[in-house]
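The values are calculated or read from the model by the stated rules, or taken from the named source; none is laboratory data. Predicted, not measured: the structure shown is a model, and the values here were computed from it. Cβ atoms come from the backbone with ideal geometry, glycine included; neighbour counts cover every protein chain shown. Accessible surface areas use protein heavy atoms only, side chains included; no ligands, DNA or RNA. Shrake-Rupley method; radii C 1.70, N 1.55, O 1.52, S 1.80 Å.
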Amino acid sequence: MRDRLDRWADPPLLVLASLAEEPRHGYAITQDIAETMGVRLSAGTLYAVISRLESRGLIEPLESNDRRRPYRLTAAGARELAEQSERMHQVSSVAQRRLRANYGWARA
Amino acid sequence: MSVRQPRQARGADVLARVALGLYPPAWRARHGDEVRALLEDSGAGVRAAVSLAWHALPAWAWPARHLHDRPGRMRASLATAGIAWALLAGLAAVFVQLAQAQGSSQALTLARHPVIQWSYWVFDGAVIIAVLAVAAGGVPLWLRMFRDARAARRPRELACLLAPVAVPAVYLAASTAIVGLVRQPAARVVPWQPRPVADLANGMIGPWWFLALVVAGFAAAVVSAAGPGLALRRLRPDGPAVVLAARAAGLAAAAMALAGAASIVAAVGLYRWAPADAGYHEGWQLAVYLPAVLLAAGVALVSAARGIRAAREPAVA
């Protein structure tokens, strides 16, 4: 069995990162994540994540005239995203530094 | 393109309806329209429907807190777990009738096989624990609702609450009368064993009558459990009695699921080790019994787990 090394692409973080730019509805979130982060979220995964994030108060729904209800990041969601992205940044910095030192290579 | 677009939209709509139908009602009410819109926008196909179906189970097992209030989740879980538990109890009764209660010398010899003997013991112990758990958690809540319904003069709710007593009593009276009318001479009855109501193996009633009684029995079990479930929805009780019932439902569901597992082991053991003429080699019986037990046990466990999780959350002041 192949180990999955792309688990960093945690769907809740991807959704938070997408909503950090502007409020978006479900389809706009999937489009943004696919275009900017290269990950395709399925409908089931997306709405499981949206329900969980809303339940934890990290995102909130906005009023909508049609069925495409947009969501926006809350202050708690922004804090959570900042903490998690800082942690990911630390991992990334350490990995790149060590790759450069020991293998002479690191992606810019 | 203009021809394909409506067809795609129709397909997405059908897929969405089917997949969304698997979600809890509160989830569907909150997100259903959004998901349908997403499927229409993204030209959804089988992958999206499979993904939706896959995430339906966690939506039942770990319901989002903002979609339900805590007592509401406990009540809904109790109602669903109650019906699944009643179905498991009905399956257990069928198992007892077709396996444990058989008085033939072959059946008695098979019951001494270590695997079958242990399965019978585990089954008996688990059923006793399950019944005690239902009594410990269900009776206080039932009494509380009964008092509330009587004080508020709500005859429909009183009738719902009396279903677990009245419906089995009517079923037992009717089935005893039917067995008395259609009974055939017993081919073999062990004198010291109490004569069961419907003993298929000993030739008391024909297989079609037995099947009719089994189906009616399951209907009676569902109605008996649905009555208090309906009363829970209408009377909306809250407080320690509901919390106790939710915890007891967890124990009752786990014990009944264990009894179901033990009965499956015994049924497979009988199928494998019984002599050819012992009447345990009907493959279709296993093919019906196994999935029925697994499905009912799965629903009972998931619903009971939801109730326990809600019971463990702090009550909102």
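Here is how the numbers come out for the structure above:
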item	result
Qualifying positions in region B:1-14 - open to solvent by 50 Å² or more (accessible area, probe 1.4 Å), modelled with pLDDT under 70 and either in contact with a Gly (Cβ under 9 Å, 6 or more places away or on another chain) or assigned to a helix (DSSP H, G or I) (or both)	B:Arg4, B:Gln5, B:Pro6, B:Arg7, B:Gln8, B:Arg10
Matching option when the condition is in contact (Cβ under 8 Å) with a residue 12 or more places away in the chain, farther than 15 Å from B:Pro237 by Cα, assigned to a helix (DSSP H, G or I) and open to solvent by 30 Å² or more (accessible area, probe 1.4 Å), among B:Val96, B:Val115	B:Val115
The listed residue being under 25 Å from B:Val222 (Cα atoms), touching a Ser or Thr at 6+ places or on another chain (Cβ under 6 Å), buried (at least 20 other Cβ atoms within 10 Å of the Cβ) and not basic (Lys, Arg), out of B:Ala81, B:Ala76	B:Ala81
Count - residues of region B:16-35 that are touching a residue at least 12 places away in the same chain (Cβ under 8 Å), within 7 Å of chain A (Cβ to nearest Cβ) and surrounded by fewer than 20 Cβ atoms within 10 Å (Cβ to Cβ)	0
Among residues of region B:267-298, those that are modelled with pLDDT of 90 or more and either open to solvent by less than 20 Å² (accessible area, probe 1.4 Å) or in contact with a Phe, Trp or Tyr (Cβ under 9 Å, 6 or more places away or on another chain) (or both), counted	3
Tabulated pairs, region B:50-75, first under 13 Å from B:Gly307 (Cβ atoms), second open to solvent by 50 Å² or more (accessible area, probe 1.4 Å) and β-branched (Val, Ile, Thr), C-beta under 8 angstrom, 6+ apart or interchain	B:Arg70/B:Val316
Wholly within region A:1-99, helices (runs of 4 or more DSSP H) carrying at least 3 residues that are in contact (Cβ under 8 Å) with a residue 40 or more places away in the chain and more than 14 Å from every other protein chain (Cβ to nearest Cβ)	A:11-19
Subset of region B:216-240 (residues that are open to solvent by 20 Å² or more (accessible area, probe 1.4 Å) and more than 14 Å from the chain's Cα centre (by Cα))	B:Ala216, B:Pro228, B:Leu230, B:Arg233, B:Arg234, B:Leu235, B:Arg236, B:Asp238, B:Gly239, B:Pro240
Selection within region A:80-107 - over 29 Å from A:Ile59 (Cα atoms) and of a type in the set (A, V, I, L, M)	A:Val94, A:Ala95, A:Leu99, A:Ala101, A:Ala106
Candidates B:Leu57, B:Leu78, filtered to the one that is within 14 Å of another protein chain (Cβ to nearest Cβ) and farther than 28 Å from B:Trp121 by Cβ	B:Leu57
